[in-house]
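Read the figures in this text as sums done on the coordinates, not as results from a lab. In this text the structure is predicted, and so the values were computed from the model without any measurement. Glycine gets a Cβ as well: all are built from the backbone with ideal geometry, and neighbour counts include every protein chain shown.
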Amino acid sequence: MAPLLKVETLSIAFRTRKGEVQALHEVGFEVAPGEVVGVVGESGSGKSVSAYTVIGLLDQAGRITHGGVEYDGKPVAGRQRELRGREISMIFQNPRAALNPIMPVGQQIADVLKRHALAGRTDARAKAIDLLRQVKINDPEERVDSYPFELSGGMCQRVMIALALACSPRLLIADEPTTGLDVTTQKATMDLVRDLTRARGMSVMLITHDLGMAAEYCDRIVVMEKGHVVESAPVAQLFTDPQHPYTQKLIAASPGPRSQLAELTGGIAAPVSIAPPRPREPGPERLLEVVDLVKEFPRRGGGVFGKKPAPFRAVDGIGFQMMRGESLGLVGESGCGKSTTSSIIARLQDATSGAVVFDGQDILQHPSARFARMPERGRIQMVFQDAHDSLDPRWSAAEAIAQPLRRISGLREAAAVTRRVDELAEMVGLPANLLSRYPHQLSGGQKARVGIARAIATDPLLLILDEPTSALDVSVQAVVLQLLDRLRRDLGMSYIFVSHDLNVVRLLCERVIVMNRGRIVETGTAEEVLHAPRDAYTQKLVSAIPHFEPERLRAS
Amino acid sequence: MAAIARLRYTVSENPLTVIGFGLFAVFVIMAVFGPAIAPYDPLATRAVNALQPPSMAHPFGTDHLGRDVLSRVIVAARLDLGIALSAVMLSFVVGSALGCLAGFRGGWTDRIVGRLSDTIMAFPLFVLAMGVVATMGNTVQNVIYATAVINLPFYIRVARAEVAVRRNAGYVQAARLSGSSDLRILATQLFPNVLPPMMVQISLNLGWAILNAAGLSFIGLGVRPPAAEWGIMVAEGASYIVSGEWWLALFPGAALMLAVFCFNLMGDGLRDMVDPTRRT
């Protein structure tokens, strides 16, 4: 069968401050009619650039230097405007940003229909409602008049899908369609995309960094690295018999339900020796006890005479204990209260009621504003989710790491501070020559290391890790996870690891707490929770994680 | 080395900035060495020489009292730039302190500071400045205070908005974890990060401040004759334009225009210099 889309020896160059940079090097792949092709790679691999070239949305600074794109046997150059929407359409990474915030969603769908003369003024609304029904939005008659801010992220992505499918295109490009969505929402969204495109016999080009998702929803996978296509194979073959070392590295680095921490960076080609994991036994001493913790946020609304609405309970009476040296996973979807809980324990927020007994002392006694100046401050530290945002853009890496040393440890002497900063940088594997750089000159993994070095600078007893790897590429995530594991054993710290990804949590934590709507729904060892979940919510959460299991693929 | 590379980048990104800084350098030289480089005494009157058109001896001509216009334009730079710079510095310091505090604390602090700046904005600004100088007394010092007061709301608003969006940034939380008090966070984390947009505000404001000072002098407030000041010179020369002696008003007016122009050009370059994410 003739391919629907053919990308042939495509090279793209971008003009930048440092001259022209080659983003794609003779990239070639095909999408057959009705086929779902996954384009997989880490950031900077050129997967999005390829997609934007196909649909003709390439940035002004970009330029095709070689090759081209053919759609249905004819080159697309110059015809992208007529192809866009009717033949090829796209769903984007951030659905809320891709929708016009001041226009009801129904009107945005109607606009597309009218633009392509598929609906007139009279029937546009009815057709928009019909499309919303097809993407399984409840009460489409009401939702058609909603604005994007009134809808959840998952619903916005459904609206985007309705928009993309409005003109019955034959090719759908999905550019990381579920980043920023919870796993259960991700599963619902991707199942919907799969069902709708399959029913219409559409081809899909799914761009993702998540190998598990690619394995679950694609027929064939194209692996890209630094602007090159390194491997292209049917799903089962790619996962059971990866040919290229980069593919092998990627597969090894993606944590699955059974992978071991040491294997993540092992790969098949170059096994890295790592100390055999010592049995982790929590010490006998109790480090932390959280008792009936409640955090309420006032709700908006209620006029001068109206009754005040009941406050929103983000954390609803939770309690747990932690031993010294133990590491505990706090798992749940967005809005479940795990971040609020962790920031209360880190004393960045005040609780409404309850107690947090740390090392024999109730630290909630002191308001969070005063806690910064207390000696206990250095005992509890935190690594933030967004390493870039957590570093002051005007401070170099060395200055960022030195900050807690100066303020908490009371190191005043410049030489002593420098010595300790160098020592910390070495511990986290940050090359010394990078210490003078500013955050925007560092890569994601390097910034994560700076954040970790800063957090361990004061020798904390408890380190709170708030999704420290969620913004990192899988291969970098693997290295950072191993680093965290090594630091914990070397320094004898306890971890509270906050994450939505059970597979990652399992690698670092022996015990897991699953939270939903501010309450603890399940606790147990990581293996128990992941492989034999008891609570219905946990079961839903576990089953939504996209997997690739060579055994399962081989069987199918 | 790094400083040179940074300067070269700033210059190559903003070619107009070079013109701005060049003009600024000329004005600074005029302000510092004014009396030394002026060819004549700016206050010396010679009745026989009155209202001479531009010539080799007097490139900008002479005024109604026979004073050399070129010398007066040069010497006036010190007074005009002095008023503008001190007024802008004053409103920058007070305005950014109030704005940062309002943005960081929120709540009542924010409301009080916000209403204060709204109140200032509610007056026609130039009329407010006139009122301040008229009630407090007709001195150069009061012209500075008046100019500072009317520029205050712009600094408050920029600082407040920029701090408010960064108040919960990760690096602020991290600083808190590192044992920094609120005041330290404000001073070491937030204030430096709101500097780049403030720089643009400063350079635009310098232009306005010069115009404002000149405007006050033009209507007879603030600087008084015989002191050389661009606004007064334009005011004095204006009545001679009808009778054909255009040079009296044109040259000080042109100096005024160039000064405002040069500050506006400098804005982007200044921002790029204080922002590390833009210089590397």
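Some points to look at:
- Computed over the protein assembly as shown, the per-residue total of -39500 (n - 2.57) for DSSP H runs of n ≥ 4 gives a 222 nm mean residue ellipticity of -15000 deg cm²/dmol, rounded to 500.
- For region A:90-138, a Kirkwood hydrodynamic radius built from all Cα pairs, placed in the Stokes-Einstein relation at 4 °C and 1.567 mPa s, yields a translational diffusion coefficient of 112 µm²/s.
- Taking the number of Cβ atoms within 10 Å of each Cβ as an exposure proxy, the fewest-first ranking of B:9, B:40 is B:9, B:40.
- FRET efficiency, 1/(1 + (r/R0)^6) with R0 51 Å, evaluated for residue B:246 and residue B:18 via beta carbons: 0.95
- The Cα center of region A:111-128 and the Cα center of region A:344-418 differ in position by 56 Å.
- Sequentially through region A:327-340, phi angles give Karplus couplings (6.51, -1.76, 1.60; θ = phi - 60°) of 10, 10, x, 10, 10, x, 8, 4, x, 8, x, 6, 6, 4 Hz, Gly and Pro residues having no value and appearing as x.
- Value of relative contact order over region B:124-262, rounded to a whole percent, pairs C-alpha under 8 Å and six or more apart: 22 percent
- Altogether, the Stokes-Einstein calculation at 20 °C and 1.002 mPa s, with the Kirkwood radius of chain A over Cα pairs as Rh, returns a diffusion coefficient of 83 µm²/s.
- Full extension of the chain between residue A:532 and residue A:423 gives 35.0 nm of extra length, using 0.36 nm per residue less the Cα-Cα distance.
- Size of electric dipole in region B:1-100: Cβ of Lys, Arg +1 and of Asp, Glu -1, about Cα centre, debye, nearest 20: 140 debye
- Centre separation in Å (Cα based) which lies between region B:99-161 and region A:1-66: 54 Å
- Computed from the alpha carbon atoms alone, the convex hull of chain B holds 152 Å³ per residue.
- Spin-label pair residue B:26/residue A:15, simplified geometry with 7 Å Cα→Cβ offset, distance in nm: 3.2 nm
- Distance between modelled label sites at residue B:258 and residue B:109, nm, 7 Å Cα→Cβ extension: 4.5 nm
- Between residue A:292 and residue A:415, the FRET efficiency from the beta-carbon distance, with R0 = 41 Å, is close to 0.30.
- Relative contact order of chain B, pairs being alpha-carbon contacts under 8 Å that are 6 or more residues apart, as %: 25 percent
- With Cα atoms, 0 to 90° folded angle of helix B:230-241 axis to chain B main axis: 40 degrees
- Cβ-derived FRET efficiency at R0 56 Å, residue A:313 paired with residue A:122, nearest 0.05: 0.75
- Charge tally for residue A:197 (other residues, Cβ to Cβ under 13 Å; Lys, Arg +1; Asp, Glu -1): 0.
- In percent, rounded to a whole number, the relative contact order of region A:5-263 is 27, using alpha-carbon pairs under 8 Å and six or more apart.
- Viscosity 0.692 mPa s, 37 °C: Kirkwood-radius Stokes-Einstein D of region A:5-263 over Cα pairs, µm²/s: 171 µm²/s
- Between the Cα long axis of helix A:124-134 and the first principal axis of chain A there is an angle of about 60°, rounded to the nearest 10.
- Residues of region B:56-89 with amide N under 16 Å of a point placed 7 Å along Cα→Cβ from residue B:136: B:83-89
- The calculated pair-distance distribution of region A:461-556 uses every alpha carbon pair, bins of 5 angstrom beginning at 0, and gives 2, 11, 20, 22, 19, 14, 8, 2, 1, 0 percent.
- Taking B:138, B:168, B:151 as the candidate residues, the one with maximal mean-square fluctuation in a Gaussian network model of chain B, Cα springs under 10 Å, is B:168.
- Antiparallel content of DSSP bridges confined to region A:5-263, in %, to 5: 55 percent
- Which of A:8, A:399, A:423 has the fewest Cβ neighbours within 10 Å, and the rest in rising order: A:423, A:8, A:399
- Neighbour counting of Cβ atoms within 10 Å sorts the residues B:33, B:21, fewest neighbours leading, into B:33, B:21.
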